[in-house]
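Only one structure is covered here, and it is reproduced in the block below.
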Amino acid sequence: MSTPKIRIRGLKKHFGAKKVLDGVDLDVPAGTGLVVIGGSGSGKSVLIKSILGLVTPDAGVIEIDGEDVLKAPPRRAAELRAQIGMLFQNGALFDSMPVWENVTFGLLAEKKLLRRDARAKAIEVLAQVGLDAAVADLSPAELSGGMQKRVALARAIASAPAIMFFDEPTTGLDPIMGAVIDELIIDCVKRLGSTSVAITHDMASAVRIGDAAAMLFEGKICWTGPAASLLTSGNELVDQFTHGRATGPIKMALRK
Amino acid sequence: MNAILDAIARLGAAVLDMVAFVGELAIFAGSGLSHIFRPPFYPRLIGRSLLEIGFFSLPVVALTALFTGMVLALQSYTGFSRFNAESAIASVVILSVTRELGPVLAGLMVAGRAGAAMAAELGTMRVTDQIDALSTLSTKPMKYLVAPRLLAGIIALPLLVAVADILGVMGGFLVATLRLGFSPGTYLTSSFSNLRSEDVVSGLIKAAVFGFVIALMGCFHGYRSKGGAQGVGAATTSAVVSASILILALDYVLTQVLFIK
C-alpha cells in the first residue's frame, strides 16, 4: 500500500480545559480530495492549522509524504509545508497591496519569480480562475466577495502546490457563485494533480469537491466514507448534521 | 477562610499572568530584533514604515515642539523674573527641549499616531487571517511585519526629535525676542554657549529607545489581538497606553543612566 500524501495519527490539541482535537486519525491518499465536515467549534480549522504549522498540537503525528513535520527540523518542516496552498475562509487577501501582488506573493517570497515578471504571471493565473487582466491592478477592497474568493484561489494555486487546503470555500457566497467556485476548485485540483483537503458546512459543495469525507465530532473522526454518500451514510451523527436536524445525538447548546 | 484563600489564589493567578505577559513580550522583542539582522531584508517595507512613523508624524511633532518651546519661554520668564534670572531662560529652554521635552513629547505624539496605526493594521491582519496567510506563503510574519517596523521606529524617532529640538528652540526664540524683548543675538549666544553635544546626544539616545518601544508595543498588541473589531480596538488602546507609560518610565531610567552632574 502506497504512503498517503497526508497521514495523521493521534492528533491532540486542547485550549484551556477544552479538548478540541482528541486523537484524530486521518489518511489522505495522493491525488484525492478529502472533505472534513463537523459542527462549529468541532476543531476542523484547528486540524488544518495544525498541519500548516499555525497551531502546535499537544501530541500526535502529522506526516507529509511519510515525513513527520512535527519532528522534522524547522527548515525541513517548512519545506514540506511549502507544498501546501491554502484558500482561507474569508480570502485573507493582503489589503495593502494590489491583486497582482497578492497572487504572486508566495512566488516572490520563494524567489521563484522576478518582481518585473510578477504582474504578467499574476494575469496568467487570474485567467485560470476566470478573472480579467483588468482586475490585476485593483485593490482587494474593490472586489466583490466572489471575486475575492477567486483571487484567493489564484494566490493558492500560483505556485502549483502539491497539496491544497480549502477552508469553507463557499461560505458567504450565493449558491450560483458557490457552484462556480467549486467548479474552479475541481478544475484547479485536477489540472495540478494536487491532493486536497476541504472544510465545509455546505453539503452540496462537499459532495461536488470531495472524493472522500470525514466527520469530526467531539475531537475525533466519527465517520469516514465516500463524499458521494454523505447524505445517505446511515450514520446517526452524519445524518443529523448533513440533514440539519435540531434533534439527534448531537446536542447543541440552546440560547436562553 | 475560603475568601482569604480565594483572594490569594486570584492574586497568584494575576502575578502568573503578569509574568507570562512579560515573558511573551520579551520573547517577541528578542525575536523581532533578531530578525532585523537576518536575511531576507525588506527595504521597501522599511521605507514604508519610515514614511509612516517618521514623515507622516512630522507635522504633529513639529507643532508640539514649537508650542512647547514657546510656552516654556513664557513660563520660565514668569518664574525667573522673580529672581532676576531672566538671562537663564535661553539655556533652560534649549536644555529642556533637547534633553527632555523633545524626545518625550515626540515619543508620546508618535505613540498616539503611528503606534496606534501599527496596532490597528496588524490587529486587522490578525483577525482577518492575513498573518496566517503570510505564514502559508513562505514568509515569516515576524520578519515581514515586525522587524521593519522596529527598525523604522529606531531610526525615525531620533530624526523626528532632531527636528523637534530645532523647532522647540525656535519657539522659545520667537517668544523671547518678539514678546519678551530679548535681543536675538544675545538669546542665541546664551542658548548655545551652555549647550553640550551630550545634551543633544542623550536626547537622541532616548528617542531611539522610545522609537523601539512604540513600534514594539504597536506590533505586539496588534499581533496578538483577537476577537474581531472589538479586539482590534482593545489592542490599539493597549498599544498607545503601554507605549506612553513605558516612555515616561524609561525616560526616568535613561535620564538616570545618562545623568551628568
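Taken together, the values in this text are just the output of simple stated rules run on the coordinates, not laboratory data. In this text the structure is predicted, and so the values were computed from the model without any measurement. So basically every Cβ, Gly included, is an ideal-geometry build from the backbone, and we count neighbours across all protein chains shown.
For the reader, a short list of remarks on this structure follows.
- When +1 charges are put on Lys and Arg Cβ atoms and -1 charges on Asp and Glu Cβ atoms, the dipole computed for the range B:79-196 relative to its Cα centre reaches about 120 debye.
- Placing unit charges on the Cβ atoms of the charged side chains and taking the dipole of the protein assembly as shown about its Cα centre, the candidate lying farthest along the positive direction among A:G10, B:I53, A:F105 is B:I53.
- The largest-to-smallest principal axis extents of the Cα set in the range B:2-257 are 65, 56, 32 Å.
- Student exercise, chain B dipole from Lys, Arg, Asp, Glu Cβ charges, in Debye to nearest 20: 300
- Efficiency of FRET between B:Q75 and B:F55 - r from beta-carbon atoms, R0 35 angstrom, step 0.05: 0.65
- Estimated [θ] at 222 nm from DSSP helical runs (n ≥ 4, -39500 (n - 2.57)) normalised by residues in the protein assembly as shown, nearest 500: -18500 deg cm²/dmol
- Across every direction, the projection of the convex hull enclosing the Cα atoms of the protein assembly as shown has a mean area of 33.5 nm².
- Net lengthening on full extension, A:A59/A:A120 (0.36 nm per residue, minus Cα-Cα): 17.6 nm
- Rounded to 5, the percent of DSSP beta bridges in chain A classed as antiparallel: 55
- Contact order normalised by residue count of chain A, Cα under 8 Å, 6+ apart, percent: 24
- Spatial separation of Cα centroids for the range A:156-209 and the range B:153-180, in angstrom: 59
- Here r is the Cβ-Cβ distance between B:R44 and B:I4 and R0 is 56 Å; the resulting FRET efficiency, rounded to 0.05, is 0.45.
- Candidates B:L204, B:L74, B:L216, ranked by Gaussian network fluctuation over chain B, Cα under 10 Å, top entry: B:L74
- The distance linking the range B:11-41 with the range B:229-261 is 16 Å (Cα centroid to Cα centroid, whole angstrom).
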